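The values are calculated or read from the model by the stated rules, or taken from the named source; none is laboratory data. Model, not experiment: these values are computed from the prediction. Methodologically, a virtual Cβ is constructed for each residue, glycine included, from the backbone with ideal geometry; neighbour enumeration extends over all protein chains shown. These accessible areas exclude ligands, DNA and RNA; they are computed on the full protein's heavy atoms, side chains included. Shrake-Rupley method; radii C 1.70, N 1.55, O 1.52, S 1.80 Å.
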Amino acid sequence: MTAQSCRVQGVFMSVSEMGAAPTVVLDAGGDSTIPIYVGLWEAISINNALNSEMLPRPITHDLIVDLFRRFDITLDALHIDSLEEGVFYAKLLLSQGSRTEVMDCRPSDGIAIALRYQAPIMIEDTVVETAAVRKDDLPRMVDLKEYL
């Protein structure tokens, strides 16, 4: 299995006749994107990280990053490694000295943490092949801040 690096293109509300859903759009290279539907609070947290916005008090993802740093834990990467029945799965790749750990996480939490840590976001090639959508084929996307 091989993975490629991707970047977060933005956080949007995917708007259709069925309603609106918070969506993180990953740039998979070329004309391909990967929409990942997330919870509203995770979308807000990811958007804050993308825009380097700090709230007066730390939210959960800020707290996790601060905890990692205080205990000299390095986030080597977020690895989005599978897609099963429409659900994405991911792992945080962590190290502390010579010790390494792999922790299961929701992609939305992993993205929020990786952005704050400025760690790479990797996505398995098989996930890209399965989930990639042409930019023109995405539903109507409204910037999260505009929508809220």
_Stokes-Einstein D in µm²/s, Kirkwood radius over Cα pairs - the chain at 37 °C with 0.692 mPa s viscosity_ = 208
_Given the whole protein assembly as supplied and a 1.4 Å probe, what does the accessible area of Tyr147 come to in Å², nearest 10?_
110
*In degrees, nearest 10, range 0 to 90: what is the angle between the Cα axis of helix 107-117 and the longest Cα principal axis of the chain?*
60
*For region 75-148 and region 1-54, write down the distance between their C-alpha centroids in whole Å.*
9
*To the nearest 10 square angstrom, what accessible area does Leu63 show with a 1.4 Å probe?*
110
*Provide the net charge surrounding Met1, with neighbours chosen by a C-beta distance below 11 Å and charges set as Lys +1, Arg +1, Asp -1, Glu -1.*
-3
_Between 0 and 90°, nearest 10: helix 40-50 axis offset from the chain longest Cα axis_ = 70
*Taking the Cβ-Cβ separation of Ala20 and Glu85 as r and a Förster radius of 25 Å, what is the calculated FRET efficiency to the nearest 0.05?*
0.65
*Against the longest alpha carbon principal axis of the chain, how many degrees, from 0 to 90 and to the nearest 10, is the axis of helix 60-70 turned?*
30
_Relative contact order for region 33-148: what percent, with Cα pairs under 8 Å and sequence separation of 6 or more?_
30
_Percent breakdown of C-alpha pair distances by 5 Å bin, ordered from the shortest bin, for region 1-44_ = 5, 23, 24, 21, 15, 8, 3, 1
